[in-house]
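Asks: Dumping the structure here so I can ask a few things about it.
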Amino acid sequence: MQLEAVIGLETHIELSTKSKMFCSCSTDFGAKPNHHTCPVCLALPGALPVMNKQTVEYGIKLALALGCSIHSVSRFDRKQYFYPDLPKGYQISQYEYPAFTGGTVMLSGDRKINLTRIHIEEDAGKNIHGAGADNHSYVDLNRAGVPLLEMVTEPEIRTPEEASEFLRRIRQIVRYLRISDGNMEQGSLRCDANISLRPKSSGKLGKKVEIKNINSFKHVEKALKFEIKRQRDLILGGGTITQETRLFNAHESVTYAMRSKEDSFEYRYFPEPDLPLLNIAEEWIRKVSETIPELPDEKRRRFAEQYGITDYDAGVLTDLSELADYYEACCKKGRNSAQIAHLISTELLAITKKTGMEFSAVKPEYVARISDLIDENLISIKIAKQLFPLLFETRDDPDNIIKTKGLIQISDSSEIEKIIESILEGNKGNVEKFKAGKTKILGFFVGQVMKETKGKANPKLVNRILIEKLSAVSDEFDG
Ligand SMILES: [Zn+2]
């Protein structure tokens, strides 16, 4: 029996508003525990919520970017459950009438994932267990009342890789829109995954298992892979799936049961009496729509077209809007936009990845200048590779670095000839091999010349002279 996975994701996006959803407390991450609290988010008697307009505006932005329907009237509801990190004893959320429904997220290969809804809700605080010398449990309410958008997909995701790509796309879009930092380590983006298996081409849904609180792209993939295998083994072994909530253990890469459906919470939703209905007028939507920037998919297509770069480079360069802006600034200063794209996506980003330094530490005109120097045949790609780390180290401009480090290219053919002659002299065995028809050995000689000149020999000249010299000895041999 061929089984396929049916996956749906509920993604929580913590919004980067300055203040919380219903009070003026700061949303800054990393403050001392319970530092950002007030009577409203501590749920003291008599404190009343007042809606933060920016929260709704950020919701409208995301809804516009993903093509959701924006409802002119929506409602807040109370979701009742008791946890120490939820001091009111309920969470203010949207249940029956969410602000946004529908919409799509595009994955690679034109895969389209439809959304069910996006609603607005508040975050809970954090329980910290076994902390301190006394091994007690503590509650930190700094996060209580921070605004969230919860996005629910249709069960249309088919593989763990698609689930992780979906989350990456969401992170990219919320960063482009500047409505969330999308930081998974700090919990700004986290998800619950629903998964069931069914015979391929069956339209029915199997019993689903929910995996709660996954907080990294890798964990999503690992948790779903484990769960697919567990459910497949169970079904093929004649067992049945229990509908339940499970947690992912990152150390062992396994999921384990948290609670079964029998004892799952009954949330007893009811309309939030302390807040009016949420009205979103056409005029407001129109104003917000004017602030939507060019989004990643559009930008990627434009880059490939306008700058004549590969889809791969366009994808890398538009990953972050700041990087896309940086690339365009380089193109304004340099001539060869495809070469600039390549230099950034290989050399520049390799260094930022390795060292954690910001790409913006190097001025765009310096990258453009290196590209122009390659085009003018004044430096080789090899030298360019040496220049990039020096740009970060010295913050100096490439021309100065080339001068002070003596990296200028050797384009004097008599000098190169001399070097080549001595290399041929010292590698007679390989010359014989070349004569015998092993023309691939040319690469070996090029490598030797570059080694000898520390990469400074003009590669075009090296190739030309090498071929001349080697065919001359071949002719001698033939004659
Ligand atoms: Zn507060």
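Asks: With the checklist (1) within 16 Å of the ligand (Cβ to nearest atom); (2) free of Cβ contacts under 8 Å to residues at least 24 places away in the same chain; (3) in contact with a Phe, Trp or Tyr (Cβ under 6 Å, 6 or more places away or on another chain) in hand, flag the one item Ala131 doesn't pass.
Replies: (1)
Asks: Same structure again: If you check Pro87 against the conditions, is it modelled with pLDDT under 95, in the same structural domain as Arg178 (by TED's automatic domain parsing), surrounded by 17 or more Cβ atoms within 10 Å (Cβ to Cβ) and not hydroxyl-bearing (Ser, Thr, Tyr)? Reasoning before the result, please.
Replies: Values: modelled with pLDDT under 95: yes; in the same structural domain as Arg178 (by TED's automatic domain parsing): yes; surrounded by 17 or more Cβ atoms within 10 Å (Cβ to Cβ): yes; not hydroxyl-bearing (Ser, Thr, Tyr): yes.
It is true that Pro87 is modelled with pLDDT under 95, in the same structural domain as Arg178 (by TED's automatic domain parsing), surrounded by 17 or more Cβ atoms within 10 Å (Cβ to Cβ) and not hydroxyl-bearing (Ser, Thr, Tyr).
Asks: Looking at the range 346-366, which of its residues are farther than 11 Å from Phe392 by Cβ and of a type in the set (Lys, Arg)?
Replies: Lys353, Lys363
Asks: Going through the range 92-108 one residue at a time, which ones are of a type in the set (S, T, N, Q), surrounded by fewer than 16 Cβ atoms within 10 Å (Cβ to Cβ) and in contact (Cβ under 8 Å) with a residue 40 or more places away in the chain?
Replies: Within the range 92-108, Ser108 is the sole residue that qualifies.
Asks: Quick check: anything in the range 223-235 on the phi > 0 side of the Ramachandran plot and either among the small types (Gly, Ala, Ser) or crowded, with 16+ Cβ neighbours inside 10 Å (or both)?
Replies: No, the conditions are met nowhere in the range 223-235.
Asks: How about the range 40-99: which of its residues are among the basic types (Lys, Arg) and in contact with a Phe, Trp or Tyr (Cβ under 9 Å, 6 or more places away or on another chain)?
Replies: Arg75, Arg78, Lys79
Asks: Does Cys41 satisfy the condition of being of a type in the set (A, V, I, L, M, F, W, C) and in contact with a Leu (Cβ under 8 Å, 6 or more places away or on another chain)?
Replies: Taking the combined requirement at face value, the residue satisfies it.
Asks: Could you list all residues from the range 21-70 that are of a type in the set (D, E, K, R) and within 14 Å of the ligand (Cβ to nearest atom)?
Replies: Residue satisfying the conditions is Asp28 alone.
Asks: Looking at the range 1-20 only, could you name the residues that are touching a residue at least 60 places away in the same chain (Cβ under 8 Å) and within 11 Å of the ligand (Cβ to nearest atom)? Give the steps one after another, and end with the answer.
Replies: Start the filter on the range 1-20 by keeping residues that are touching a residue at least 60 places away in the same chain (Cβ under 8 Å), which leaves 1-17, 20.
Result: Lys20, single match.
Asks: Is it the case that some residue within the range 303-312 is touching a strand residue (DSSP E or B) at 6+ places or on another chain (Cβ under 7 Å), in contact (Cβ under 8 Å) with a residue 12 or more places away in the chain and either outside any loop (DSSP other than H, G, I, E, B) or farther than 26 Å from Thr11 by Cβ (or both)?
Replies: no
Asks: While we're here: Tell me which residues, restricted to the range 6-47, are of a type in the set (A, V, I, L, M), over 23 Å from the mean Cα position of the chain (by Cα) and closer than 30 Å to Ile170 by Cα.
Replies: Within the range 6-47, Val6, Met21, Ala31 meet the criteria.
Asks: Does any residue of the range 147-155 turn out to be surrounded by 18 or more Cβ atoms within 10 Å (Cβ to Cβ) and within 16 Å of the ligand (Cβ to nearest atom)?
Replies: Scanning the range 147-155 turns up at least one residue that is surrounded by 18 or more Cβ atoms within 10 Å (Cβ to Cβ) and within 16 Å of the ligand (Cβ to nearest atom).
Asks: Okay, next question. Consider only pairs whose beta carbons are under 8 Å apart and that are at least six residues apart or on different chains; among these, list those whose first residue lies in the range 29-58 and is at positive phi and in a loop (DSSP other than H, G, I, E, B) and whose second residue is among the aliphatic types (A, V, I, L, M) and within 11 Å of the ligand (Cβ to nearest atom).
Replies: Asn34/Leu141
Asks: Also: Give the residue that is modelled with the highest pLDDT, with candidates limited to residues of the range 404-414 that are under 14 Å from Asn463 (Cα atoms) and touching a strand residue (DSSP E or B) at 6+ places or on another chain (Cβ under 9 Å).
Replies: So, considering only residues that are under 14 Å from Asn463 (Cα atoms) and touching a strand residue (DSSP E or B) at 6+ places or on another chain (Cβ under 9 Å), the one modelled with the highest pLDDT is Ile410.
Asks: Also: Within the range 316-360, track down each residue that is basic (Lys, Arg) and within 27 Å of Ile170 (Cα to Cα).
Replies: Answer for the range 316-360, where residues must be basic (Lys, Arg) and within 27 Å of Ile170 (Cα to Cα): Lys353, Lys354.
Asks: Something else: Could you check, for the range 136-147, whether at least one of its residues is touching a residue at least 40 places away in the same chain (Cβ under 8 Å) and touching a helix residue (DSSP H, G or I) at 6+ places or on another chain (Cβ under 7 Å)?
Replies: Looking through the range 136-147, at least one residue is touching a residue at least 40 places away in the same chain (Cβ under 8 Å) and touching a helix residue (DSSP H, G or I) at 6+ places or on another chain (Cβ under 7 Å).
Asks: Right, another one. Can you tell me which residue is surrounded by the most Cβ atoms within 10 Å (Cβ to Cβ) among those in the range 331-361 that are farther than 18 Å from Ile381 by Cα and hydrophobic (A, V, I, L, M, F, W, C)?
Replies: Cys331
Asks: Run Thr17 past the list (1) in contact with a helix residue (DSSP H, G or I) (Cβ under 9 Å, 6 or more places away or on another chain); (2) assigned to a helix (DSSP H, G or I); (3) farther than 30 Å from Arg158 by Cβ and report the number of the one that doesn't hold.
Replies: For Thr17, the failing item is (2).
Asks: Go through the range 450-468 and give me each residue that's closer than 23 Å to Lys435 by Cβ and in contact (Cβ under 8 Å) with a residue 60 or more places away in the chain.
Replies: Within the range 450-468, Met450 is the sole residue that qualifies.
Asks: Also, I was wondering about something else. Tell me which residues, restricted to the range 42-59, are surrounded by 19 or more Cβ atoms within 10 Å (Cβ to Cβ) and either modelled with pLDDT under 95 or of a type in the set (A, V, I, L, M) (or both).
Replies: Result: Val56, single match.
Asks: Of the residues that make up the range 420-433, is at least one assigned by TED's automatic domain parsing to the domain that holds Lys460, touching a strand residue (DSSP E or B) at 6+ places or on another chain (Cβ under 8 Å), β-branched (Val, Ile, Thr) and within 21 Å of Val473 (Cβ to Cβ)?
Replies: no
The values are calculated or read from the model by the stated rules, or taken from the named source; none is laboratory data. Since the structure is predicted, the reported quantities are computational estimates derived from the model, not experimental observations. Cβ atoms come from the backbone with ideal geometry, glycine included; neighbour counts cover every protein chain shown.
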